[in-house]
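See below for the structure under consideration.
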Amino acid sequence: MSRTLALSAAHAGAKLEPGVIERRALRDDDVLIDVAYAGICHSDIHQVREEWGTAIFPMVPGHEIAGVVSEVGAAVSGFKVGDRVGVGCMVDSCGECAFCKDGEEQYCTKGAVMTYNGTGYDGEETKGGYSQQLVVSERFALRIPDALGLDVAAPLLCAGITTYNPLKRWGAGPGKKVAVIGMGGLGHMAVQIANAMGAEVSVLSRTADKQQDGAKLGAQHYYATKDEDTLPKLKGTFDLIINTVSADLAMDDYVALLRPLGAMVNVGIPSSPYSVQPGSLVGGSRVLAGSNIGGIAQTQEMLDFCAEHGIASVIETISADEVNLAYDRVVSSDVRYRFVIDTATIPAQG
Ligand code: NAP
Ligand code: ZN
């Protein structure tokens with residue numbers, strides 16, 4: 001057992017406060033990671049605020065984690081002290097079911113263990129990356145390529161893989177028109193990755209505020225959806241739409257932007273149900289789909305792809321005392337484009 005500093009929410013909706021948590025003694029296959037940076041994903045906010053149902057408290061959020069290995073268990077073969085590593089949304093899975101064997105641990109039939117707000121197979125509640133140290137099985141540690149700084153790599157561990165996975169699965173590439181709804185943490189990664197895959201990329205953001213950034217990130221087109229004529233003029237345009245919006249959306253208006261046989265893949269997880277007219281889908285044999293993060297092997301593939309294509313997250317680095325304000329700023333879309341906590345700033349005294 002070791003003790004480390006962390007930011008933790010005592011109950012649903014509570015502010016994050018510094019404190020001390022315990023990490024398990026290293027098992028044979030574990031690595032101890034000195035966490036350098038942790039990204040703030042909107043999912044952290046949904047969970048701290050219990051917007052997805054009952055959550056486990058006290059909660060240490062954080063599943064976009066980057067740091068350096070500082071100790072290895074006796075049987076660790078893939079990492080050594082000093083290696084630059086990342087950890088994403090999962091820290092364990094059964095390793096034996098068909099999904100785990102296929103490298104799709106997120107669908108593990110026993111239930112993948114989430115990095116925080118979860119319970120490990122040992123019965124211990126998991127605590128995430130807003131902390132200075134983390135213990136994880138080497139099976140769930142990723143190698144961060146040298147070309148990527150740890151700070152700009154951290155958000156790739158969730159925002160990167162969550163967008164890479166559906167873009168690849170649904171065929172983003174040359175000749176394909178891809179739209180990204182919402183240019184936040186996930187959205188700004190989707191734009192860069194879809195562009196690197198060779199697709200023609202459009203941003204659908206509420207306002208024109210991020211237009212220049214959209215172009216810099218590789219979007220050929222940018223549309224402000226609050227303008228009344230935007231959606232009608234784009235009807236039947238896109239092969240693939242990635243919806244990253246964290247709130248209610250008029251789904252029929254967006255499904256109508258798909259060409260026949262096109263797919264709209266939702267990665268945003270608002271707490272309220274979607275409403276879609278059956279005819280909106282049936283008429284053009286359109287697909288309305290969801291997508292959940294990605295497996296460990298594909299997360300490594302995504303990190304290597306980003307390094308190779310010069311892609312990283314665009315970040316605002318913050319200190320521990322700015323995290324509560326940062327949550328409010330994420331909710332009001334006032335972030336360009338991911339907050340990353342410098343975990344060295346977590347104070348010893350609360
Ligand atoms: P984010 O940084 O807050 O980005 C969400 C974007 O949605 C905003 O930047 C904004 O874009 C748009 N938006 C926000 N409120 C809106 C509203 N009321 N109407 C229309 N558009 C709105 O959040 P994120 O971290 O990217 O996460 C996005 C969602 O994905 C969250 O629900 C999160 O829980 C979920 N998520 C899912 C997975 C998965 O595996 N499926 C993984 C990670 C996160 P504009 O300002 O450009 O309009
Ligand atoms: Zn996330």
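The values are calculated or read from the model by the stated rules, or taken from the named source; none is laboratory data. Keep in mind that this is a model prediction, so the values were computed, not measured. Every residue, glycine among them, receives a Cβ derived from its backbone with ideal geometry; neighbour counts consider all protein chains shown. Note: areas computed on protein heavy atoms with side chains; ligands, DNA, RNA excluded. Shrake-Rupley method; radii C 1.70, N 1.55, O 1.52, S 1.80 Å.
Give just the number: which of (1) open to solvent by less than 20 Å² (accessible area, probe 1.4 Å); (2) touching a Gly at 6+ places or on another chain (Cβ under 9 Å); (3) away from ligand 2 (no atom under 16 Å from the Cβ) does Gly73 not satisfy?
Failed condition: (2).
Which number in (1) within 16 Å of ligand 1 (Cβ to nearest atom); (2) assigned to a strand (DSSP E or B); (3) open to solvent by 60 Å² or more (accessible area, probe 1.4 Å) marks the one condition that Val91 misses?
Val91 satisfies every listed condition except (3).
Return the residue satisfying two criteria in turn: it lies in region 325-335 and is more than 10 Å from ligand 1 (Cβ to nearest atom) and open to solvent by 40 Å² or more (accessible area, probe 1.4 Å), and of such residues it is nearest to Gly149 (Cα to Cα).
Leu325
Matching residues to (1) of a type outside the set (Gly, Ala, Ser); (2) part of a strand (DSSP E or B); (3) touching a residue at least 40 places away in the same chain (Cβ under 8 Å); (4) more than 30 Å from Leu325 (Cβ to Cβ):
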position: Leu5; (1), (2), (3), (4): yes, yes, yes, no
position: Glu51; (1), (2), (3), (4): yes, no, yes, no
position: Ile56; (1), (2), (3), (4): yes, no, yes, no
position: Gly78; (1), (2), (3), (4): no, no, yes, yes
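All but one of (1) at pLDDT 95 or above; (2) open to solvent by 40 Å² or more (accessible area, probe 1.4 Å); (3) not hydrophobic (A, V, I, L, M, F, W, C) hold for Thr343, so report the exception by its number.
Only one criterion is unmet by Thr343, namely (2).
How many of the residues in region 1-20 are open to solvent by less than 20 Å² (accessible area, probe 1.4 Å) and within 27 Å of Val81 (Cβ to Cβ)?
Matching residues across region 1-20 total 3.
Please work out which residue is nearest to Glu322 (Cα to Cα), limiting yourself to region 58-70 and to residues that are part of a strand (DSSP E or B) and more than 16 Å from ligand 2 (Cβ to nearest atom).
Gly67
Those residues that are of a type in the set (D, E, K, R) and either farther than 16 Å from Thr299 by Cβ or outside any helix (DSSP H, G or I) (or both), I need them from region 94-116; list them, please.
Answer for region 94-116, where residues must be of a type in the set (D, E, K, R) and either farther than 16 Å from Thr299 by Cβ or outside any helix (DSSP H, G or I) (or both): Glu96, Lys101, Asp102, Glu104, Lys110.
Is it the case that Ile40 is in contact with a Ser or Thr (Cβ under 9 Å, 6 or more places away or on another chain), open to solvent by less than 10 Å² (accessible area, probe 1.4 Å) and within 16 Å of ligand 2 (Cβ to nearest atom)?
Judged against the criteria, Ile40 is not a match.
For region 271-294, name all the residues that are within 12 Å of ligand 1 (Cβ to nearest atom) and modelled with pLDDT of 95 or more.
Listed by number, the residues that qualify are Ala289, Gly290, Ser291, Asn292, Ile293, Gly294.
Condition (residue is among the charged types (D, E, K, R), assigned to a helix (DSSP H, G or I) and within 17 Å of Cys306 (Cβ to Cβ)) applied to region 150-158: is it met by at least one residue?
Among the residues of region 150-158, at least one is among the charged types (D, E, K, R), assigned to a helix (DSSP H, G or I) and within 17 Å of Cys306 (Cβ to Cβ), which makes the answer yes.
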